[in-house]
1. Just checking, how many residues over the stretch 76-88 are open to solvent by 20 Å² or more (accessible area, probe 1.4 Å), assigned to a loop (DSSP other than H, G, I, E, B) and touching a Gly at 6+ places or on another chain (Cβ under 8 Å)?
2. Taking Asp222 as meeting all but one of (1) in a strand (DSSP E or B); (2) open to solvent by 60 Å² or more (accessible area, probe 1.4 Å), write down the number of the exception.
3. Any chance you could count how many residues in the stretch 333-355 are buried (at least 16 other Cβ atoms within 10 Å of the Cβ) and free of Cβ contacts under 8 Å to residues at least 60 places away in the same chain?
4. Name the residue that is least open to solvent (accessible area, probe 1.4 Å), counting only residues in the stretch 10-37 that are touching an Asp or Glu at 6+ places or on another chain (Cβ under 9 Å) and of a type in the set (A, V, I, L, M).
5. Residues of the stretch 318-332 being open to solvent by 20 Å² or more (accessible area, probe 1.4 Å) and touching a residue at least 40 places away in the same chain (Cβ under 8 Å), which ones?
6. Taking the stretch 117-160, which residues are over 25 Å from Gly249 (Cβ atoms), open to solvent by less than 50 Å² (accessible area, probe 1.4 Å), in a loop (DSSP other than H, G, I, E, B) and at pLDDT 50 or above?
7. Could you tell me how many of the residues in the stretch 240-294 are among the β-branched types (Val, Ile, Thr), open to solvent by 50 Å² or more (accessible area, probe 1.4 Å) and assigned to a helix (DSSP H, G or I)?
8. Residues being part of a helix (DSSP H, G or I) and open to solvent by less than 30 Å² (accessible area, probe 1.4 Å): count how many of those fall in the stretch 60-73.
Amino acid sequence: MNWLLTILGIMALIVLHEAGHFAVAKAVGMRVERFSLFFPPKLAGIKRGETEYMIGAIPAGGYVKITGMNPEEIEGLPPEVARRAYYSQPPWKRIVVILAGPGVNLLIAFVLFWAVLFAGSLNGAATLEGVNPGLRTLEPMTASIGAVQRGMPAAGELRRGDRIVAVDGRPVTVGGAVEAISSHRCAGVAVEGCRGRTPVILTVRRGARVVKLSIVPRYNADREVRRMVLGFQFAAPPVKSFGALAAAGASARELWAMTTQTFSGLAKALTSAKQRHQISSIVGISQVTEQAVASGAGRALVVIGYVSLVLAVLNLLPFLPLDGGHVLWAAAEKLRGRRVSLTAMWRFSSVGIALLLFLVVNGFSNDIGRLGG
């Protein structure tokens, strides 16, 4: 059931993104030939008026086909069709239609963040070490220990109220602590309960003292973990209530912070092997979303909001056939006073698409490695 809800949630984001393009294109008088969930080959479809509504076989996104999105198509069209073609419209209309898709995704992310904060759906949710690390602004998890599991390596070493300040000599946040512990490896094959090759060196603040602990981690083979753990739970964040305006402000700040972080992360991934190792494909994103769904409605809505935000950000990269590429060339046409050649558009876009494909393949490779343990 969790996987079904995850798939339906991601499909809904795709459909709503394309519905933004579709609705605005219709509103400004463009001719929409096809509205498709997923890519060809065609599995099923139905035609209503001039538009075909289709489901494709390749679940890698969706698209809206507007007549004349290739300027070379317009020449052979009947006059009554050609006047409604995409490239027959002024640049401002084209920009509005293209921005409608990412705009819907940004609106979805904002509304979901606002609803969760206003309803207080994440308050009091502790985070188990190694599973679903806390969300940065919307759930500011503390690095304090909330509970220690009996029979686990941390039992007898860590105490409730200890605050982790460093792992293996490096200062860490909650997410960084989980990642650092997970980076340890078993002495042999990774099987349930195998001991780590080396101990985890924790630096914790215990009252007024700073204490160093050496704890050998243990491998947890559970499907939702599959990593080295010590066996503790981070403390829940303090309960914080948001009014309607405060929730809106926090949501807007989160949108901006995550947008800039995504752009900078993509740039760093092209030059940093460590950053590339953190990239996930739709496989990894779906797995994280499924874990969030299993954790409860509040966390699920936040993660779906993040996925919606990332869809918007990636679509705004300035390369054809992404939305950002269409916006770039429509704006260039407006500034130059004449259309940019199709050859020039694709020559510029080919470099960006090649880099993006490199990151996509890297993401799939990372996810295959993670799923394989």
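The values are calculated or read from the model by the stated rules, or taken from the named source; none is laboratory data. All values derive from a computational prediction rather than experimental measurement. Counting neighbours? That spans all protein chains shown, and the Cβs are built from the backbone with ideal geometry, glycine included. Ligands, DNA and RNA are stripped out before the accessible areas are found, and what is left, the full protein with its side chains, is counted by its heavy atoms. Shrake-Rupley method; radii C 1.70, N 1.55, O 1.52, S 1.80 Å.
1. Final tally of qualifying residues: 2.
2. Single failed check for Asp222: (1).
3. Number satisfying all stated conditions: 5.
4. Val32
5. Within the stretch 318-332, His326, Val327, Ala331 qualify.
6. Within the stretch 117-160, Ala143, Met152, Pro153, Ala154, Ala155, Leu158 meet the criteria.
7. 5
8. Total meeting the criteria: 1.
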